[in-house]
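Q: Below is a structure I'd like to ask you about.
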Amino acid sequence: MGEEVKIVHISDLHIAGRGDRRQLQDLDRMLGHFSRSGIDHLVISGDLSDRAKEADWEIVRELLLRHGWYHWARTTVIPGNHDIINLEEEMRFYNALNPLPGMRDRACTAKAARFCRFFQELVTGDELGDAAFPFIKVLRFPTLKLAIAAFNSVNAWSATDNPLGSRGYIEPSELRAVSSPAVMKALDGCFILGLCHHALKVYGTDSLLDQAFDWTMELKNRQEFLGVMREIGAQVVLHGHFHRFQSYTLGGIRFINGGSFRYSPNRYSLLEIEASGAFTQRFMVMS
C-alpha cells in the first residue's frame, strides 16, 4: 500500500441471473483487476440486481468471495431501487389489491433491511451487530482514518408519487442518526465519504423534457441530505442511479456518480486520498 488510500467505486451492475454470462464475466474480470491494482477499498453504490432478486445478490457475494473482497474492511455495498423494487410486480399487486401506501412503505423498508442482513459481514463486520441503515464504517489505514456514512435512499413505489419506482428518499430518522453527538464524535478526525444510491443532480437544465426525467429520478429530500453531509463534514459523496459517469460539486462537497457497470463494464471511478486529506478523482478505463 502506498501513502495514498485508493477507493474504487462502481455502480448499477444490474445482474440478471446466472444466465447473464457476459455481465458476470465482466464483473469477474473487474474484481480481478482491482485485486492486482493495489486498491484499498471497493464501494458498490446499488442496483446489484436488475429484478430485485436475492439470487442476484448471492451471485455478487460469490464473486466478491472468490476475489477476496468479501470483508468489512475491503468492500461496502448499499441497495439501489432495482434491488428493492420489482416494478412489474408492484404494479400488478397495486392493480389487483390496491394496497394502502403504508403497506408498500413497510414492505420497501423490510426489503432494505433484508439486503442489509444479507450483506451483514460488509455492514457490521460480524454476525452479531445490528445491520441497519444508516451505518457508519471507520476504516483505519496507516496514513488516514476514513469514515463511510451509508444511507438507504430507495423510496417505495407509488402510482402517483413514484410511478417508475426510481425516485429516492432518505428517511429523516436516518439523517438525524448520523448527525447525533455520538456519531459526530466517532467521525472526528476522519476523511468522510457519504454514500447513497440516488443522484443529487441529474440533468438539471431548463428543458421541460429534462425536468420531467429529473423528477422521475430525483432524490426528493436532496437539500436535507446535502445539509447533513455538510454538517458532518463530508468531503465526498458517492452515488449511482443515473447511468452517467460524472463529477460535480454542490455545497462545497464533491459528488461522484459511478455510472453504470452494466453499460460500461470497463469503466470505474478511482478516488485517491492523501494523508493530508487532499484527494484526486479519475474515471478509469480497464485495459
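Q: Mind checking which residues of region 118-165 are part of a loop (DSSP other than H, G, I, E, B), modelled with pLDDT under 95, hydroxyl-bearing (S, T, Y) and out of contact with any Asp or Glu (no Cβ under 8 Å at 6 or more places or on another chain)?
A: Answer for region 118-165, where residues must be part of a loop (DSSP other than H, G, I, E, B), modelled with pLDDT under 95, hydroxyl-bearing (S, T, Y) and out of contact with any Asp or Glu (no Cβ under 8 Å at 6 or more places or on another chain): just T160.
Q: Looking for something touching a residue at least 12 places away in the same chain (Cβ under 8 Å), among the polar types (S, T, N, Q) and closer than 23 Å to T109 by Cα - is there at least one such residue anywhere in region 44-65?
A: Looking for residues that are touching a residue at least 12 places away in the same chain (Cβ under 8 Å), among the polar types (S, T, N, Q) and closer than 23 Å to T109 by Cα, one finds at least one in region 44-65, hence yes.
Q: Also: What do you reckon, is L271 crowded, with 18+ Cβ neighbours inside 10 Å and either assigned to a strand (DSSP E or B) or of a type in the set (F, W, Y) (or both)?
A: Numbers: crowded, with 18+ Cβ neighbours inside 10 Å: yes; either assigned to a strand (DSSP E or B) or of a type in the set (F, W, Y) (or both): yes.
So L271 fits the description; yes.
Q: May I pose another question? Which residue is surrounded by the most Cβ atoms within 10 Å (Cβ to Cβ), if the candidates are limited to region 131-169 and must be of a type in the set (D, E, K, R), within 20 Å of K185 (Cα to Cα) and over 15 Å from the mean Cα position of the chain (by Cα)?
A: K145
Q: Hey, any hits in region 175-190 for a residue that's touching a residue at least 60 places away in the same chain (Cβ under 8 Å) and either part of a loop (DSSP other than H, G, I, E, B) or acidic (D, E) (or both)?
A: No, there is no match, as no residue in region 175-190 is touching a residue at least 60 places away in the same chain (Cβ under 8 Å) and either part of a loop (DSSP other than H, G, I, E, B) or acidic (D, E) (or both).
Q: Further question on the same structure: Tell me whether region 177-191 contains one or more residues that are more than 21 Å from G80 (Cα to Cα), in contact with a Lys or Arg (Cβ under 9 Å, 6 or more places away or on another chain) and crowded, with 16+ Cβ neighbours inside 10 Å.
A: yes
Q: I want to confirm something. Restricting to region 192-222 and keeping residues that are of a type in the set (F, W, Y) and not in a loop (DSSP other than H, G, I, E, B), which single residue is surrounded by the most Cβ atoms within 10 Å (Cβ to Cβ)? Give the derivation first.
A: Of the residues in region 192-222, the ones of a type in the set (F, W, Y) are 203, 213, 215.
In the following step, the residues that additionally are not in a loop (DSSP other than H, G, I, E, B) were identified as 213, 215.
On the way: F213: 16, W215: 13.
Looking at the filtered set, the residue picked out is F213.
Q: Quick one: which of T76, T109 is β-branched (V, I, T), at pLDDT below 95 and either within 20 Å of H241 (Cβ to Cβ) or crowded, with 18+ Cβ neighbours inside 10 Å (or both)? Before you say what the answer is, go through the steps one by one.
A: Details: T76 fails: at pLDDT below 95.
Just a single option satisfies the conditions, and that option is T109.
The values are calculated or read from the model by the stated rules, or taken from the named source; none is laboratory data. Quantities reported herein were computed from a predicted structural model and do not represent experimental measurements. No Cβ is skipped: glycine too gets one built from the backbone with ideal geometry, and neighbour counts run over all protein chains shown.
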